[in-house]
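Student: Below are the structure tokens for one structure; questions will follow.
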Amino acid sequence: MAVLYKADPVRGAEWQRLLAAKAPDLPCFVWPEAGDPRAIRYLAVWTPPDRMLERFPNAEIVISVGAGVDQFDLSAIPAHIPVVRMLEPGIAEGMVEYVTLAVLALHRDLPAYLEDQRAERWSAIRLRPAASRRIGVLGLGQLGEACCRRLATLGFTVAGWSRSPKAIPGITCHAGAAALPGFLAATDILVCLLPLTAETKGFLHAGLFAQLAPGAGLVNAGRGPHLVQEDLLAALESGQISAAFLDVTDPEPLPSGHPFWHHPRILMTPHIASQTRPETAVDFVLEVIAAHKAGRPLPGLVDRSRGY
Ligand code: NAP
Ligand code: GLV
């Protein structure tokens with residue numbers, strides 16, 4: 001019985017070391033090494049290998065090393081093999097830091113001040129209290145909820161939107177398509193933490209921007225294809241969006257010369273909002289394996305019909 005890790009090989013070596021210490025009876029191979037392929041039961045991967053079951057006929061679980069699974073072709077993984085996504089706490093901690101950074105930067109007009117500095121301009125913008133800044137978070141899953149809770153502690157007025165109804169103390173929770181317009185109209189800074197699915201591709205588009213409070217800020221830490229790029233450029237041009245923080249783009253990286261690289265109102269980071277931490281990821285994998293062996297529900301099980 002063995003684990004196959006297929007993602008960043010440097011972190012793979014850490015997984016190997018950690019698993020050797022925490023579960024000495026469970027060897028871990030880092031792709032393309034796989035030992036005896038018939039012994040591989042658990043695949044921890046960013047993307048599964050082609051012809052997965054031909055290569056690893058005894059595979060029992062596929063675990064995404066990331067929180068998202070949009071990079072998987074779920075139809076290529078036989079239905080009897082559960083797909084699990086990473087729920088280790090380091091991902092949420094990193095995302096909370098990133099979203100806090102981006103929201104504070106937009107709240108405190110950092111893009112405008114960076115532009116001023118480059119133009120040798122010294123010009124103060126009137127401060128707005130955090131309580132009067134309404135933050136709207138799209139997606140109230142493990143990441144969206146953690147970000148909402150932290151933003152509320154900073155004094156912001158925080159709301160979130162999800163598919164199914166939620167109750168989070170101190171956060172106004174909205175659910176479903178009918179609640180979207182009201183949620184958007186009461187949002188000054190919109191944070192996207194939706195999974196990428198057929199329903200959410202292109203979700204950040206002109207029609208949605210038009211429903212936000214005028215001059216709203218945007219943070220996209222979900223996936224690049226959530227955003228319709230031309231629509232963001234037009235909304236920045238018209239002033240409907242004042243500035244955007246983008247951690248994800250489509251493609252990654254953007255080609256040289258793409259207008260986002262030098263746009264004065266766009267701050268971009270290279271998909272680093274959060275990163276899976278090997279120490280806690282390995283604990284999560286062991287928890288999934290233990291649940292599987294005991295016949296308990298698997299934490300992080302992906303619902304293939306929803307795509308997340
Ligand atoms: P999650 O726990 O599955 O939460 C997803 C949330 O989105 C849920 O609240 C879900 O509603 C909501 N949702 C999904 N589809 C919806 C729809 N059509 N309409 C309304 N709400 C919808 O996911 P997560 O772990 O928080 O992660 C979210 C995403 O963040 C990942 O999929 C990944 O793309 C991205 N991510 C980015 C980075 C980065 O470094 N930039 C790192 C990690 C993750 P319900 O609660 O009702 O199901
Ligand atoms: C990273 O983007 C992840 O999905 O964890």
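Student: Work out the charge dipole of the chain with +1 on the Cβ of Lys and Arg and -1 on the Cβ of Asp and Glu about the Cα centre, then indicate which of Ala175, Gln71, Val302 is farthest towards its positive end.
Tutor: Of the options given, the answer is Ala175.
Student: Run the reach check for Lys166 against aspartates and glutamates, Cα to Cα strictly under 14 Å, same-chain hits fewer than 8 apart removed. What comes back?
Tutor: The qualifying aspartates and glutamates are Glu145.
Student: Whole-Hz ³J(HN,Hα) for each residue in the range 227-238, computed from phi via Karplus 6.51 cos²θ - 1.76 cosθ + 1.60 with θ = phi - 60°, x for glycine and proline: what do you get?
Tutor: Values per residue, Gly and Pro as x: 9, 8, 4, 4, 5, 5, 4, 5, 5, 5, 5, 7 Hz.
Student: Determine which lysines satisfy two conditions relative to Lys6: a Cα distance under 25 Å, and not lying fewer than 8 residues away in the same chain.
Tutor: Partners found: Lys22, Lys293.
Student: Quick one: work out the % antiparallel among DSSP beta bridges in the range 90-268, nearest 5. Could you put the intermediate results ahead of the total?
Tutor: Working: 1 of 27 bridges.
Here the antiparallel bridges make up roughly 5 percent for the range 90-268.
Student: Which FRET efficiency value, to the nearest 0.05, is calculated for Glu199 and Ser238 with the Förster distance at 35 angstrom and r the Cβ-Cβ distance? Intermediate values should be presented prior to the final figure.
Tutor: On the way: r = 27 Å, r/R0 = 0.76.
FRET efficiency, Glu199 to Ser238: 0.85.
Student: Mind pulling the angle between the C-alpha long axis of helix 9-22 and the longest principal axis of the chain? Nearest 10 degrees, somewhere in 0 to 90.
Tutor: On a 0 to 90 degree scale, this one is about 60.
Student: Also, I was wondering about something else. For the chain, which whole-number percentage of the solvent-accessible area (1.4 Å probe, protein heavy atoms only) is attributable to carbon and sulfur atoms? Intermediate values should be presented prior to the final figure.
Tutor: Numbers: 8190 of 14610 Å².
Roughly 56 percent, rounded to a whole number.
Student: For the range 12-60, what does the accessible surface come to per residue with a 1.4 Å probe? Please give it in Å². Intermediate results must be reported in sequence, preceding the final value.
Tutor: Details: 2670 Å² over 49 residues.
With the other protein chains kept in place, the range 12-60 gives 54 Å² per residue.
Student: Also, I was wondering about something else. Per residue, how much accessible area does the range 90-268 show when a 1.4 Å probe rolls over the protein heavy atoms, in square angstrom?
Tutor: On the way: 8330 Å² over 179 residues.
So the range 90-268 comes to 47 Å² accessible per residue, rounded to a whole number.
Student: Just by accessible area at a 1.4 angstrom probe, what is the order of Leu43, Leu193 from largest to smallest?
Tutor: Values: Leu43 0, Leu193 20 Å².
Order by accessible area, largest first: Leu193, Leu43.
Student: May I pose another question? Over the chain, what is the percentage of antiparallel beta bridges among all DSSP beta bridges, to the nearest 5?
Tutor: Values: 2 of 42 bridges.
If I count the DSSP bridges inside the chain, around 5 percent turn out antiparallel.
Student: Could you tell me which residue out of Pro255, Val288, Ser242 lies farthest along the dipole of the chain toward its positive end? Charges go on the beta carbon: Lys and Arg +1, Asp and Glu -1, centred on the Cα centre.
Tutor: Value computed over the given set: Val288.
The values are calculated or read from the model by the stated rules, or taken from the named source; none is laboratory data. In this text, all values refer to a predicted model and were calculated from it rather than measured experimentally. When we count neighbours, we look across all protein chains shown, and the Cβ atoms used for this are built from the backbone with ideal geometry, even at glycine. All accessible areas refer to the heavy atoms of the entire protein, side chains included, with ligands and DNA or RNA removed. Shrake-Rupley method; radii C 1.70, N 1.55, O 1.52, S 1.80 Å.
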